Amino acid sequence: MASVTLENVTKRYDDVTAVDDMNFEITDGEFITLVGPSGCGKSTTMEMVAGLTMPTEGTVYIGERDVTNLPPKDRGIAMVFQNIALFPHMDVYDNISFGLRLRNMDKEEIDRRVNEASDIVQLEGMLERMPDEMSGGQRQRVAIARAIVRQPDVFLMDEPLANLDAKLKVHMRTELQRLHDQLGTTIIYVTHDQEEAMTMSDRITVIDGGELQQMDPPLTCYNEPGNLFVAGFIGSPGMNFFEGTVAGSGFESEHFDIEFDPASMGVNEGDEVTLGVRPEDVYLADEGSSLSHPTDRIEATTDVLEPMGNEIFVYLLLADEADIDLEEPGSGSQLLMSVDPSADLESDEDIEVVLDRRKINLFDTETSDAIQHGLVEPTPVSGDSTTSAEAETDD
Ligand code: ADP
């Protein structure tokens, strides 16, 4: 087991900067997921930890060792990729045990490790099969078992579940978590699938354009996204965004206003801000009355309804919006809400909604950085004459 540290790591290919000054520290035994859209630099980052790609600048440490110039075989890592070549002329047992046999490991120990690994990835009874007698998913499980038996300090996995069917993928997610719990080995896992990242990792590393955006536990990224990119990327369907301006009385946009005292929310009058709220934090006004901190009511008209079984996604058009662009969700004219399947709603109905103030995020529109998570006025402590709560304006 070992920690992994990247210090000012950059990788350039001619005119492309694949990874741009990446800095992070993965502690010993952590399960870390690198997540981001295709082309954001996830694989390149992983390849530099593996030793398959050399950084243009910067240093890679595994444990205390500077491994920047070491070949993969000397780094104490085992890798699993989406597309992995098994030896076609060897059966599953020989494929899994190949590396151990090369090292002349004791036959009994090889047996024990192969059986344990094949159990974990559900390959029992298939050890004598040849690769061409197996499905893509089964071959991938052989590759994972081959990494497990090596008992590396760090597992590097690049989209290892991408070729598995949906059911096996969900099963393998839990198996990988169990594997991690059992072995306690540091795992760096690459995926473009934010759901996979959310469900498995201790922390997720969100990358965009070769740059680290946020590295935090999944729920922190979900509830307290550090910027607009993370807010939009994590969570499906994504967060609703509305651009607006800070006025003396709070947030003002084309569609609705939300009252707050700017000073207590860390903003100033005139600031250009983007308000973000997740679909599940939008409520039908009557239901929202049970919220401890609802916003004022917002008028809306229901558009498309998407029943999902356990919830209904309702696309709302906000009132007084003349030119609604349905092709651009999140453009500001639409608000997506998730409601209980029992909700009695139809398309083209005029309704009122409220937002849960505790779950509203404010971002700086220009820099995209988060300013505030939750728009709940600070509760004045009784008897405390120094609160700013009496800063009210008469009009
Ligand atoms: P991801 O894994 O997030 O999809 P990659 O790390 O594979 O992204 O790629 C990041 C960027 O670097 C992309 O723009 C990609 O085209 C570029 N890139 C990756 N490998 C090479 C290479 N060998 N030569 C040139 N450009 C590359």
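The values are calculated or read from the model by the stated rules, or taken from the named source; none is laboratory data. Predicted model only: the values in this text are computed from it and were never measured. Here Cβ is always computed from backbone atoms with ideal geometry, including for glycine, and neighbour counts include all displayed protein chains. To get the accessible areas, we keep the full protein, side chains included, count just its heavy atoms, and leave off ligands, DNA and RNA. Shrake-Rupley method; radii C 1.70, N 1.55, O 1.52, S 1.80 Å.
Looking at the range 151-229, the strands (runs of 3 or more DSSP E) lying wholly inside it that each contain 1 or more residues that are polar (S, T, N, Q) and modelled with pLDDT of 95 or more sit at 186-191, 203-208, 211-216. Has the range 39-49 got at least one residue that is away from the ligand (no atom under 16 Å from the Cβ), within 14 Å of residue 156 (Cα to Cα) and among the basic types (Lys, Arg)? Among the residues of the range 39-49, not one is away from the ligand (no atom under 16 Å from the Cβ), within 14 Å of residue 156 (Cα to Cα) and among the basic types (Lys, Arg), which makes the answer no. Residues in the range 1-34 that are under 14 Å from residue 205 (Cβ atoms) and either over 21 Å from the mean Cα position of the chain (by Cα) or near the ligand (Cβ under 9 Å from one of its atoms) (or both): 9, 19, 34.
Conditions (1) assigned by TED's automatic domain parsing to the domain that holds residue 23; (2) open to solvent by 10 Å² or more (accessible area, probe 1.4 Å); (3) out of contact with any Pro (no Cβ under 6 Å at 6 or more places or on another chain); (4) in a loop (DSSP other than H, G, I, E, B), marked per residue:
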{"residue": "40", "(1), (2), (3), (4)": "yes, no, yes, yes"}
{"residue": "43", "(1), (2), (3), (4)": "yes, yes, yes, no"}
{"residue": "46", "(1), (2), (3), (4)": "yes, no, yes, no"}
{"residue": "54", "(1), (2), (3), (4)": "yes, yes, yes, yes"}
{"residue": "69", "(1), (2), (3), (4)": "yes, yes, yes, yes"}
{"residue": "88", "(1), (2), (3), (4)": "yes, yes, no, yes"}
{"residue": "100", "(1), (2), (3), (4)": "yes, no, yes, no"}
{"residue": "123", "(1), (2), (3), (4)": "yes, no, yes, yes"}
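The criterion of being within 16 Å of the ligand (Cβ to nearest atom), open to solvent by 50 Å² or more (accessible area, probe 1.4 Å), farther than 21 Å from residue 116 by Cβ and in contact with a strand residue (DSSP E or B) (Cβ under 6 Å, 6 or more places away or on another chain) holds for residue 211. Residue count for the range 230-275 satisfying the condition of being under 28 Å from residue 311 (Cα atoms) and either without any contact (Cβ under 8 Å) to a residue 40 or more places away in the chain or assigned to a loop (DSSP other than H, G, I, E, B) (or both): 10. Which members of the range 222-255 meet the condition of being away from the ligand (no atom under 16 Å from the Cβ), of a type in the set (A, V, I, L, M, F, W, C) and out of contact with any helix residue (DSSP H, G or I) (no Cβ under 6 Å at 6 or more places or on another chain)? 228, 231, 241, 242, 247, 251, listed by residue number. Among the residues of the range 328-349, is there at least one that is in a helix (DSSP H, G or I), at pLDDT below 95 and open to solvent by 70 Å² or more (accessible area, probe 1.4 Å)? Looking for residues that are in a helix (DSSP H, G or I), at pLDDT below 95 and open to solvent by 70 Å² or more (accessible area, probe 1.4 Å), one finds none in the range 328-349, hence no. Give the residues of the range 294-318 that are touching a residue at least 40 places away in the same chain (Cβ under 8 Å), out of contact with any Leu (no Cβ under 8 Å at 6 or more places or on another chain) and part of a loop (DSSP other than H, G, I, E, B), sorted by residue number. 296, 297 - these are the residues of the range 294-318 that are touching a residue at least 40 places away in the same chain (Cβ under 8 Å), out of contact with any Leu (no Cβ under 8 Å at 6 or more places or on another chain) and part of a loop (DSSP other than H, G, I, E, B). Inspect the range 240-254 for any residue being touching a His at 6+ places or on another chain (Cβ under 9 Å), over 16 Å from residue 357 (Cα atoms) and crowded, with 19+ Cβ neighbours inside 10 Å and give the result as yes or no. Yes: the range 240-254 contains one or more residues that are touching a His at 6+ places or on another chain (Cβ under 9 Å), over 16 Å from residue 357 (Cα atoms) and crowded, with 19+ Cβ neighbours inside 10 Å.
Being within 16 Å of the ligand (Cβ to nearest atom) and surrounded by fewer than 23 Cβ atoms within 10 Å (Cβ to Cβ) is the filter here; which residues of the range 197-208 pass it? 208 - this is the single residue of the range 197-208 that is within 16 Å of the ligand (Cβ to nearest atom) and surrounded by fewer than 23 Cβ atoms within 10 Å (Cβ to Cβ). Might you let me know whether the range 290-302 holds any residue that is under 21 Å from residue 346 (Cα atoms) and open to solvent by 70 Å² or more (accessible area, probe 1.4 Å)? Among the residues of the range 290-302, at least one is under 21 Å from residue 346 (Cα atoms) and open to solvent by 70 Å² or more (accessible area, probe 1.4 Å), which makes the answer yes.
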